[in-house]
Amino acid sequence: MASRLPPQDRLQAVITGVEQLEELLSRPTAADVEAMRSLGGDLLLLGVGGKMGPSLALRARRASNEAGLKIKVIGVARFTTPTSRQLLESGGVETIAADLLDDSALDNLPNASNVIHLAARKFGSTGDEAYTWAMNTYLPARVAQRFRASRIVAFSSGNVYPFLPIAGGGAVEETPLEPVGEYATTAVGRERMFTHFSRQYGTPVTILRLNYAVEMRYGVLLDIGRKVFQREPIDLTMGSANVIWQGDANSVCLRSFSLCQSPPFILNLTGPETLSVRRVAIRFGEIFGVKPDLQGEESPTALLNNASRCHKLYGYPSVSLEQLIDWTAAWIGAGNETLDKPTHFEARDGKF
């Protein structure tokens, strides 16, 4: 069994600002350092400009530095805004601006022994489904062909699973895929493409079915906490969810290269708790001194992910749900910046 994550939740009582948050998200563990030492070559991150990419790339860079390695960590994205590119380059990550849907741009990317596929599209899918299919299904096929000589860790989504009874503990990796809505269907398409080309070329692949990574600027907890703080109604119909600290998700990603195989190794990635939206809202209300405006009744099913295989391999996440709630409440109360991108975790029709 791999070494377990250290108790980072005891290191910070409150996260006071973006600089401290970015440092904590990208702070490598001893296990991350060992994972980078075992990579045996450069690391290329495709779609590095999204919510997880910058802190993941910086964690990899910091871990490789601590390991005394000279390998390159390269992040690829369109970089339509300069902020994330500046953050990456200031931390020693090399960057390449490229539209991954441009075949020539993809073909001209440098070879790398290890590839993390982050590029995807979820929000905005409704009304522009064709682009979502291109990003989530066509592009993975092209990436799987272009980097068939590499090891690939590809992020997927818990949305590939059906809604399941809350009391059942959530979907395991063997649960049959029954996606709800067009976005989720394209997420299954992404997995099918990586699986097909992994079998064709023998490419070692790990597929991470993630839901939901959270940090103080984004995520399910921020969505609930802000509604409580702003006295907005909270819909209880999707009454349960799973979350994991984004830093812990980053760590699992780096260590999952050792799991890569053909056909792909599938791993659910989330926290151990089944989060009750009602109870989390009440807890935020206690912190803020507000009575939450709870509306509706919980459905007997929800989109839930059982990550016990991940926990057996790597231990429980280092940051508990209680700590995440406290951090998020302090962040909201201080008026700190957010990404202002609601997760729409409560959607039951698969439309995002």
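The values are calculated or read from the model by the stated rules, or taken from the named source; none is laboratory data. What you are looking at is a predicted structure, and each value in this text was computed from that prediction instead of being measured. Every residue, glycine as well, gets a Cβ built from its backbone with ideal geometry; the counts of neighbours run over all protein chains shown. Surface accessibility is based on the protein's heavy atoms, side chains included, excluding ligands, DNA and RNA. Shrake-Rupley method; radii C 1.70, N 1.55, O 1.52, S 1.80 Å.
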Top-ranked residue of segment 106-133 - restricted to ones that are within 22 Å of Tyr201 (Cα to Cα) and part of a helix (DSSP H, G or I), ranked as most open to solvent (accessible area, probe 1.4 Å) = Asp107
remark   = Subset of segment 304-352, residues of a type in the set (Phe, Trp, Tyr) and part of a helix (DSSP H, G or I), comes to Tyr314, Trp327, Trp331
ask   = What number of residues within segment 284-303 satisfy the criterion of being closer than 30 Å to Leu208 by Cα, open to solvent by 30 Å² or more (accessible area, probe 1.4 Å) and outside any strand (DSSP E or B)?
value = 2
message = Can you report the number of residues in segment 134-169 which are part of a helix (DSSP H, G or I) and of a type in the set (A, V, I, L, M, F, W, C)?
response = 9
request  = Of all residues in segment 167-196, count the ones that are closer than 22 Å to Ser308 by Cα, among the hydrophobic types (A, V, I, L, M, F, W, C) and out of contact with any Pro (no Cβ under 7 Å at 6 or more places or on another chain).
outcome  = 4
task = Please tell me if Arg146 is of a type in the set (Lys, Arg), within 22 Å of the chain's Cα centre (by Cα) and open to solvent by 40 Å² or more (accessible area, probe 1.4 Å).
result = no
request  = Could you please let me know if Pro28 is assigned to a loop (DSSP other than H, G, I, E, B) and over 22 Å from the mean Cα position of the chain (by Cα)?
outcome  = no
ask   = In segment 220-275, what residues are open to solvent by less than 10 Å² (accessible area, probe 1.4 Å), among the small types (Gly, Ala, Ser) and in a helix (DSSP H, G or I)?
value = Gly225, Gly247, Ala249, Ser251, Ser256
ask   = Are any residues in segment 57-79 among the β-branched types (Val, Ile, Thr) and closer than 18 Å to Ala97 by Cβ, and if so, which ones?
value = Val73, Ile74, Val76
remark   = Per the filter on segment 50-68, residues touching a Gly at 6+ places or on another chain (Cβ under 8 Å) and open to solvent by 40 Å² or more (accessible area, probe 1.4 Å) are Arg62, Asn65
Number of positions in segment 182-207 that are open to solvent by 30 Å² or more (accessible area, probe 1.4 Å) and either among the basic types (Lys, Arg) or assigned to a loop (DSSP other than H, G, I, E, B) (or both) = 4
remark   = Checked pairs for segment 32-56, first under 22 Å from Ala98 (Cβ atoms) and in contact (Cβ under 8 Å) with a residue 60 or more places away in the chain, second among the acidic types (Asp, Glu) and assigned to a helix (DSSP H, G or I), C-beta under 7 Å and 6 or more apart or across chains, list as Ser55/Glu22
message = Based on this model, can you work out whether Val280 counts as assigned to a loop (DSSP other than H, G, I, E, B), of a type in the set (A, V, I, L, M) and touching a residue at least 40 places away in the same chain (Cβ under 8 Å)?
response = no
task = Go through (1) buried (at least 22 other Cβ atoms within 10 Å of the Cβ); (2) in contact with a strand residue (DSSP E or B) (Cβ under 9 Å, 6 or more places away or on another chain); (3) under 30 Å from His196 (Cα atoms) one by one and return the number of the condition Tyr314 breaks.
result = (2)
message = Show the residue pairs meeting these rules: Cβ distance below 6 Å; 6+ apart or different chains; first residue within segment 314-331 and closer than 30 Å to Leu259 by Cα; second residue buried (at least 23 other Cβ atoms within 10 Å of the Cβ) and among the β-branched types (Val, Ile, Thr).
response = Tyr314/Val252; Pro317/Ile244
inquiry  = As an exercise: evaluate Glu178 against (1) farther than 30 Å from Ala105 by Cβ; (2) open to solvent by 50 Å² or more (accessible area, probe 1.4 Å); (3) within 20 Å of the chain's Cα centre (by Cα) and give the number of the one condition it does not meet.
reply    = (3)
request  = Give me a count of the residues in segment 69-105 that are modelled with pLDDT of 95 or more, among the charged types (D, E, K, R), more than 15 Å from Ser26 (Cβ to Cβ) and surrounded by fewer than 18 Cβ atoms within 10 Å (Cβ to Cβ).
outcome  = 6
